[in-house]
Amino acid sequence: MFAKIAAATLAVALVAGASVSTASQAEAKGGAFVAGLVGGAIIGGALASQAYAPGYYAPGYYAPAPVYAAPVYAPNCYKVWAYDSWGNPYKTKVCN
């Protein structure tokens, strides 16, 4: 990330230095001004598009971190035979 910023800053400084050192009276002959604007837009777009390029990641799959869940309380239940007031058997669930 830092290398990209440093490279972009260096490029801007070089272009600015070159334009200041060769500054003379402006003459727009034969569309050179428009060609310069178009060329600058193309180069600027190319430089700006690289700023958001994805970084390098080592090959391979990285699994997400394990998630530890708290144990779920499950009561100890079982079925037993019980009898109603007339003596008829039926099953009922008993939990501890």
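Once the chain from TYR83 to VAL15 is taken as fully extended at 0.36 nm per residue, the excess over their C-alpha distance is 14.7 nm.
Taking packing as the residue-averaged number of other Cβ atoms within 10 angstrom, the listed peptides 77-83, 62-68, 40-46 run from highest to lowest as 40-46, 77-83, 62-68.
Computed from the coordinates by the stated procedures, all read-outs in this text should not be read as laboratory data. Being a predicted model, the structure only gives us computed values, none of them experimental. Virtual Cβ from ideal backbone geometry, glycine too; neighbours counted across all protein chains shown.
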